[in-house]
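*Asks:* The following block contains the structure, expressed as C-alpha cells.
The values are calculated or read from the model by the stated rules, or taken from the named source; none is laboratory data. Being a predicted model, the structure only gives us computed values, none of them experimental. For neighbour counting, all protein chains shown are included, and Cβ atoms are generated from backbone atoms with ideal geometry for every residue, glycine included.
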Amino acid sequence: MTSSQPAVSPLRQRMIDDMRMRQLSPKTQYAYLRVVREFARFLHRSPDTASAEDLRRYQLHLVDHGTSPVSLNAAITGLKFFFEITLRQPELMARMQPVRVPRVLPVVLSPDEVRRLIAAAGNLKHQTALSVAYGAGLRASEVVALKVGDIDSQRMTLRIEQGKGRKDRYAMLSPVLLERLRVWWRVARAQGKMLDGGWLFPGMDPVNPLTPKQLNRAIHAAAVTAQIDKRVSMHTLRHYLPFRTMSGNPEIAWISRAIHAIAWR
C-alpha cells in the first residue's frame, strides 16, 4: 500500500516558486502560504478571484475577530506578496492598510532573577545555552545554531552565522562566559555528547542541534522552578536594561554584562 502526497495546485506551486526564487526562509514561506490559505477559506473560492473589496472585507473580518496588530500586519505582508508578485496585481492591495503596532515595555529580569533562572535549568547544557543567550544577547535560533568552531577565545567573540536578516555578525564574549563554555565542552566531550567541530549544543543525537522549541521549553520550565512570576521567554534574556540603554556602545555593554555574569557562578 502506498501513500500519495496531495496534489499542489498550479497557483500554489507558482507562489512557492516565486518565494524560492527570492530565497525566502522556509519559515517565511510557510507563513505566507498559511496567510493565503486562510484568505481563501474566508472567500470560499480561489484567492486569485478576489477583488480589492474582498481584501478590504477580509481586513475588517480580522479586526472584528480580535486579530492582534502584529498578526494583522503579517497577514497583509503575506497577501501583498501573493497579489503583487505571484498574481502581478498590486492594485488589489491598495485598500489593505497596515496598522500601527503599540509600543510596550518589555519584560526585564533583574540580575538575581537571571541567576535563579539559569541555576534552575534542568541540566548543564541548558544552563550554558541560557547563559550564552543572556551574556551575548543571542536569539534562541542563534544559540542552537552555534558550533564549537564559532568560539574565538583569542578575539573573545562568538561568530553568528546567518542570524536575523540572514546576516553574519560577531557577538562579544566575556571571560566568565568563555569559562562556562569550556566547562560545558569538557563535560559534553567526556560524555560523548559533542562531536569534533560539531554543534555547541547538540540534541539527543549529537548529529543534530538542540532546537529553539526545546530551548524555549527549558526556559519556561526553569522559570516555574525558580518561581519567577514574570512572563519569561528566550527573548526576555535579550531585554537587559543596561545593555539596551548605553547608546549602543558594545564595549560598555560587554563590560556591563560581564560584571553581572559573575552571578552565574
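*Asks:* Could you list, in sequence order, all residues of the stretch 169-204 that are under 10 Å from K125 (Cα atoms) and either in contact with an Asp or Glu (Cβ under 9 Å, 6 or more places away or on another chain) or modelled with pLDDT under 85 (or both)?
*Replies:* L200, the sole residue that qualifies.
*Asks:* Being in a strand (DSSP E or B) and in the same structural domain as M156 (by TED's automatic domain parsing) is true for just one of A188, A223, A171. Which residue is that?
*Replies:* Answer to the selection: A171.
*Asks:* Can you say whether V207 is modelled with pLDDT of 85 or more and surrounded by 14 or more Cβ atoms within 10 Å (Cβ to Cβ), as far as the supplied structure shows?
*Replies:* Criteria not met by V207.
*Asks:* Say we look at the stretch 91-100 and pick out the residues that are under 23 Å from the mean Cα position of the chain (by Cα) and of a type outside the set (A, V, I, L, M, F, W, C); which of these is nearest to L55 (Cα to Cα)?
*Replies:* This residue is P98.
*Asks:* Another question, if that's okay. Do we find a residue being part of a loop (DSSP other than H, G, I, E, B) and hydroxyl-bearing (S, T, Y) anywhere in the stretch 106-116?
*Replies:* Looking through the stretch 106-116, at least one residue is part of a loop (DSSP other than H, G, I, E, B) and hydroxyl-bearing (S, T, Y).
*Asks:* Test each condition in (1) over 17 Å from Y134 (Cα atoms); (2) surrounded by 14 or more Cβ atoms within 10 Å (Cβ to Cβ) for G197 and report the one that comes out false.
*Replies:* Every listed condition holds for G197 apart from (2).
*Asks:* A further question on this structure: Which pairs turn up if I take residues in the stretch 180-194 that are of a type in the set (G, A, S) and look for partners that are modelled with pLDDT under 90 and surrounded by 13 or more Cβ atoms within 10 Å (Cβ to Cβ) with beta carbon separation below 9 Å, at least 6 apart in sequence or on another chain?
*Replies:* Matching pairs, first to second residue: A188/M194; A188/P206; G192/P206.
*Asks:* Would you say L158 is aliphatic (A, V, I, L, M) and within 30 Å of V176 (Cβ to Cβ)?
*Replies:* Spelling it out, L158 is indeed aliphatic (A, V, I, L, M) and within 30 Å of V176 (Cβ to Cβ).
*Asks:* Do the conditions hold for G66, that is, is it of a type outside the set (S, T, Y) and assigned by TED's automatic domain parsing to the domain that holds G192?
*Replies:* Taking the combined requirement at face value, the residue does not satisfy it.
*Asks:* If I filter the stretch 95-105 for residues that are assigned to a helix (DSSP H, G or I) and out of contact with any strand residue (DSSP E or B) (no Cβ under 7 Å at 6 or more places or on another chain), do I get at least one hit?
*Replies:* no
Here is a yes/no grid of residues against (1) acidic (D, E); (2) surrounded by 15 or more Cβ atoms within 10 Å (Cβ to Cβ); (3) closer than 29 Å to D229 by Cβ:
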{"position": "D18", "(1), (2), (3)": "yes, yes, no"}
{"position": "S25", "(1), (2), (3)": "no, no, no"}
{"position": "Y30", "(1), (2), (3)": "no, no, no"}
{"position": "T49", "(1), (2), (3)": "no, no, no"}
{"position": "Y58", "(1), (2), (3)": "no, yes, no"}
{"position": "S71", "(1), (2), (3)": "no, no, yes"}
{"position": "E91", "(1), (2), (3)": "yes, no, no"}
{"position": "V114", "(1), (2), (3)": "no, yes, yes"}
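*Asks:* All but one of (1) at pLDDT 90 or above; (2) in a loop (DSSP other than H, G, I, E, B) hold for M246; state the number of the condition that does not hold.
*Replies:* (1)
*Asks:* Could you tell me whether R88 is more than 30 Å from V176 (Cα to Cα), more than 24 Å from the chain's Cα centre (by Cα), part of a loop (DSSP other than H, G, I, E, B) and not assigned by TED's automatic domain parsing to the domain that holds D229?
*Replies:* yes
*Asks:* From V99, V104, which residue is closer than 30 Å to H61 by Cα, without any contact (Cβ under 8 Å) to a residue 12 or more places away in the chain and of a type in the set (A, V, I, L, M, F, W, C)?
*Replies:* V104
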